[in-house]
Amino acid sequence: MSSTKNVSLESAYSGVADNYRGEDVDLHAIYRDMRRNSPIIAENFMGKLGVPNIAGLDPNRPTFTVFKYKETMAVLRDAANYTSGFIAEGLGAFFDGLILTGMDGEAHKKARALLQPIFMPEVVNSWRDTKMDPIVREEFLLPLVANKKADLMDFGLLFPIRLIYALIGFPGNDPEKIKQYAAWALAILAGPQVDAEKAAQARKAAMEAAKALYDATREAVVEVRAKGAEGDDLISRLIRAESDGRRFDDHEVTTFVRSLLPAAAETTTRTFGTLMTLLLERPDLLARVRADRSLVPKAIDEAIRFEPVATFKVRQAAQDLELAGMAIPKGAMVQCIVSSANRDEEAFERSEEFDIDRKLKPSFGFGFGPHMCIGQFIAKTELQVAVNAVLDLMPNLRLDPGQAPPRITGAQLRGPKHVHVIWD
């Protein structure tokens, strides 16, 4: 049996973070300087930091990097001129080319329309109190309460996986299996590498993980179909759906579902860790949020602006274009540093402050435009449930003075590795 078959969730999660971490530099200071002096450059900025390319393209292909809000908005909202199909050649190769983020035009619209219903607020809200909240409290937090101390990232790693896999339609009665599926999904993300020596081995491991995840997903699809596919879960909805006058077979449903799994939980995990770090570093703000839970959604939105997990988005120029006064040739890559755009002084007052009272304005933590994250409402709802449960069950929650304080790190897939806390 290969090592991929036995990869643990914890090692897969930290391995992906390490793979995309890049150099340990003060990124926000660099971004400030770039916004002021070089708002667009003809360079692969993230590549120079040592972040792998998920595009699967010639590394010598022209790449441009933008750092400001206005240009990032222009690129992400214009899917006709700035396309995403190149992702199907890179990360998408581990999914037989079928990956929502790597689709363009009508194919993308049709695929998204099929998947969208399960991610709508009315469906998610119906789950919130009946499934999400009991799972978070009863399965994860109540067993911890008596310990009076924890690393919140242990909880943060597990609860989004448990919730999203249930929402997709995987049987929930075998948590170890679900952890294994999630580990395989993360192992796929580690496929792209910077180091050429590691690339072949990582690609082989990612392909093995993709195959294992396909087999597990197909097993779930066959089981749901055999039971009538009458539920509200994604697998049931895809089995019942029609496209061009026909229904999907098991292979198509399996491939669609598998393509969603790598991003289905780990971004929520990292956002949870970042949000709790930002609140715990500000005890007065944490106390205010504890006393007024209507502030929880605002805190989530501000954390996603202030420290997004996915720090940059890449598109490809469909024709010769001009952006911020610079000529962009057809076929060139355009890298939008959303971590920088989200702190653009021209777009946000006191942009470098974590301020949950700021006037709501679009930021790019979940992307923007036609490719905006399809699961963002689920993620935000999961985070609301988790934060409220933590505040309810862990009185006087505070950072553990006996442990190293959390650090939000990473050039991409950004977040803290540990958030050690104590409570009364």
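The values are calculated or read from the model by the stated rules, or taken from the named source; none is laboratory data. Not measured: the values here are computed from a predicted model. Methodologically, a virtual Cβ is constructed for each residue, glycine included, from the backbone with ideal geometry; neighbour enumeration extends over all protein chains shown. In case anyone asks, the SASA skips ligands and DNA or RNA and just uses the protein heavy atoms, side chains included. Shrake-Rupley method; radii C 1.70, N 1.55, O 1.52, S 1.80 Å.
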In nm, the gap between the two label points placed 7 Å beyond Cα toward Cβ at ASP154 and MET120 is 4.1
In whole Hz and in residue order, list the ³J(HN,Hα) couplings for the stretch 268-285 that follow from phi through the Karplus curve 6.51 cos²θ - 1.76 cosθ + 1.60, θ = phi - 60°; x for Gly and Pro. 5, 4, 5, 5, 4, x, 5, 4, 5, 4, 4, 6, 5, 6, 10, x, 5, 5
GNM, the chain, Cα, under 10 Å: largest mean-square fluctuation among ALA220, ALA404, ALA205? ALA404
For the chain, modelled as a GNM with alpha-carbon contacts under 10 angstrom, which of PHE306, PHE366, PHE140 fluctuates the most? PHE140
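Would you tally the net charge around PRO175, using a Cβ to Cβ cut-off of less than 12 Å, leaving PRO175 out, and scoring K and R as +1, D and E as -1? Present the calculation step by step, with values, prior to reporting the outcome.
Working: positive: ARG162, LYS177, LYS179; negative: GLU139, ASP174, GLU176.
In short, 0.
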Highest to lowest packing among 410-419, 264-273, 323-332, scored as the average C-beta count within 10 Å: 264-273, 410-419, 323-332
With bins of 10 Å, the percent of all Cα-Cα pairs of the stretch 348-422 per bin from 0 is 14, 30, 44, 12, 1
Report the calculated FRET efficiency for GLU176 and ARG128 (r = Cβ-Cβ distance, R0 = 25 Å), to the nearest 0.05. 0.45
Mind sorting out which of (1) 20.9, 66; (2) 23.5, 78; (3) 21.0, 62 is the real Rg and Dmax of the Cα atoms in Å computed from the coordinates? (3)
Share of accessible surface on carbon and sulfur in the chain, whole %, 1.4 Å probe and ligands ignored, is 53
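In debye to the nearest 20, how big a dipole does the chain give about its Cα centre with +1 on each Lys and Arg Cβ and -1 on each Asp and Glu Cβ? Provide the component values of the computation, followed by the final result.
Values: 53 positive and 58 negative charges, 39 e Å.
So the dipole magnitude of the chain works out to roughly 180 debye.
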With +1 on the Cβ of every Lys and Arg and -1 on the Cβ of every Asp and Glu, the dipole magnitude of the stretch 240-314 about its Cα centre, in debye rounded to the nearest 20, is 240
All other residues with a Cβ under 10 Å from the Cβ of ARG414 taken together, and with Lys, Arg as +1 and Asp, Glu as -1, what is their net charge? +1
Put +1 on the Cβ of each Lys and Arg and -1 on the Cβ of each Asp and Glu in the stretch 214-335; which of ALA226, VAL309, VAL334 then has its Cα farthest toward the positive end of the dipole? VAL309
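Can you tally the net charge around PRO117? Count Lys and Arg as +1, Asp and Glu as -1, for every other residue whose Cβ sits under 14 Å from the Cβ of PRO117. Each step should come with its number before you reach the end.
Numbers: positive: LYS110, ARG112, ARG237, ARG240; negative: GLU122, ASP232, ASP233, GLU242.
That sum, taken over residues with Cβ under 14 Å, equals 0.
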Looking at the P(r) of the stretch 205-284, how many percent of alpha-carbon pairs lie beyond 15 Å? 66
Just to confirm my numbers, what's the Cα centroid distance between the stretch 164-185 and the stretch 366-424 in Å? 21
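Order ILE161, ILE408, most accessible first, counting only protein heavy atoms with a 1.4 angstrom probe. Provide the component values of the computation, followed by the final result.
On the way: ILE161 10, ILE408 35 Å².
So the residues, ranked largest to smallest area, are ILE408, ILE161.
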Accessible surface of HIS251 - all protein chains present, 1.4 Å probe, nearest 10 Å²: 80
Say the dipole of the chain comes from +1 at the beta carbon of Lys and Arg and -1 at that of Asp and Glu; which of TYR214, LEU144, ALA318 then lies farthest toward its positive end? ALA318
Charges on Cβ only, +1 for Lys and Arg, -1 for Asp and Glu, centred on the Cα centroid of the chain; of PRO416, TYR13, GLN116, which one is farthest towards the dipole's positive end? GLN116
Entries of LYS109/LYS313; LYS179/LYS380; LYS330/LYS417; LYS148/LYS211; LYS48/LYS211 with Cα pairs more than 30 Å apart: LYS330/LYS417; LYS148/LYS211; LYS48/LYS211
Compare ASP78, ASP249, ASP244 by solvent-accessible area with a 1.4 Å probe and give them largest first, with all protein chains kept in place. ASP244, ASP249, ASP78
Run the quick spin-label model on ASP292 and ARG247: label points 7 Å from Cα toward the beta carbon, then report their separation in nm to one decimal. 5.2
How large is the accessible surface per residue of the chain, computed with a 1.4 Å probe and reported in Å² as a whole number? 43
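Suppose accessible area is computed on protein heavy atoms with a 1.4 Å probe; arrange SER236, SER126, SER363 from highest to lowest.
On the way: SER236 5, SER126 60, SER363 25 Å².
Of SER236, SER126, SER363, the descending order of accessible area is SER126, SER363, SER236.
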Starting at the first residue of the stretch 242-254, write each ³J(HN,Hα) from the Karplus equation 6.51 cos²θ - 1.76 cosθ + 1.60 with θ = phi - 60°, in whole Hz, x for Gly and Pro. 10, 9, 6, x, 9, 9, 7, 8, 4, 4, 5, 4, 4
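Assuming a ≥ b ≥ c are the square roots of the Cα gyration tensor eigenvalues, decide whether the stretch 203-352 counts as rounded (a/c under 1.5), prolate (otherwise, with a/b larger than b/c) or oblate. Don't jump to the answer; show the numbers that get you there.
On the way: a/c = 2.38, a/b = 1.33, b/c = 1.79.
Judged from the Cα gyration tensor, the stretch 203-352 comes out oblate (a/c at least 1.5, b/c at or above a/b).
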For the stretch 11-19, just list the computed ³J(HN,Hα) in residue order, Karplus coefficients 6.51, -1.76 and 1.60, θ = phi - 60°, integers in Hz, with x standing in for Gly and Pro. 6, 5, 5, 5, x, 5, 4, 5, 4
